[in-house]
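Below: one structure, written as structure tokens.
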Amino acid sequence: MILFTVAGYKFAIAAGAVKEIRGMEGLHPFRLGGISARIDKLKYTMERDGTTYFVVDAGTHFCLPVSPPSRVLVLRNSPTAVLVDSTDRMTEISALHALPRAFTCDEREWYRGLAVVGGEVVPVVNPGAFLSKNEQEILNAGLERLGGVAVG
């Protein structure tokens, strides 16, 4: 697992879900007509190896207070990257615990479960929840209309 922080909150993501951890250089502000307003968590795009990645602000995604991101997690097998405040370290977890019933609505999609790391309970994020398949299709269609690079 890779531990990362957003707005002072710690999260974990499977290390296999992350292709690359990088700085914020090379990001381009995302502006695509009405789509920008409909998907407000989408802040930037970036190009890597001929692929357009859509960069989601994790704070906006998780409905957290505004905080200054400094790192980008480029996800594997997805045209998605995620802005986070910082990355902490890699660690192993012994168990992934089911979400309690108190987690409702979007939270049930955002998280795969909970893990205990160093005596703290840390939510383990679902990498596929940052941009849904429907949101990816809308974005790809918008890029194709503008003659941009289609992603797959």
Requested in this report: Please work out if F30 is modelled with pLDDT of 95 or more and open to solvent by less than 30 Å² (accessible area, probe 1.4 Å).
Outcome: no
Taking segment 79-100 and keeping residues surrounded by fewer than 18 Cβ atoms within 10 Å (Cβ to Cβ), touching a Phe, Trp or Tyr at 6+ places or on another chain (Cβ under 8 Å) and more than 18 Å from Y111 (Cβ to Cβ) leaves S86, T87
Residue in segment 65-78 that is open to solvent by 30 Å² or more (accessible area, probe 1.4 Å), charged (D, E, K, R) and out of contact with any strand residue (DSSP E or B) (no Cβ under 7 Å at 6 or more places or on another chain) present = no
Considering segment 114-147, residues that are in contact with a strand residue (DSSP E or B) (Cβ under 9 Å, 6 or more places away or on another chain) and among the β-branched types (V, I, T), and then whichever is surrounded by the most Cβ atoms within 10 Å (Cβ to Cβ), we arrive at V125
(1) open to solvent by 70 Å² or more (accessible area, probe 1.4 Å); (2) at pLDDT below 95 all hold for T45 apart from (1)
Only unsatisfied item for V55, checking (1) surrounded by fewer than 18 Cβ atoms within 10 Å (Cβ to Cβ); (2) assigned to a strand (DSSP E or B), is (1)
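The values are calculated or read from the model by the stated rules, or taken from the named source; none is laboratory data. Keep in mind it's a predicted model, so treat the numbers as computed, not measured. So basically every Cβ, Gly included, is an ideal-geometry build from the backbone, and we count neighbours across all protein chains shown. We work out accessible area using only protein heavy atoms, side chains counted, and drop any ligands, DNA or RNA first. Shrake-Rupley method; radii C 1.70, N 1.55, O 1.52, S 1.80 Å.
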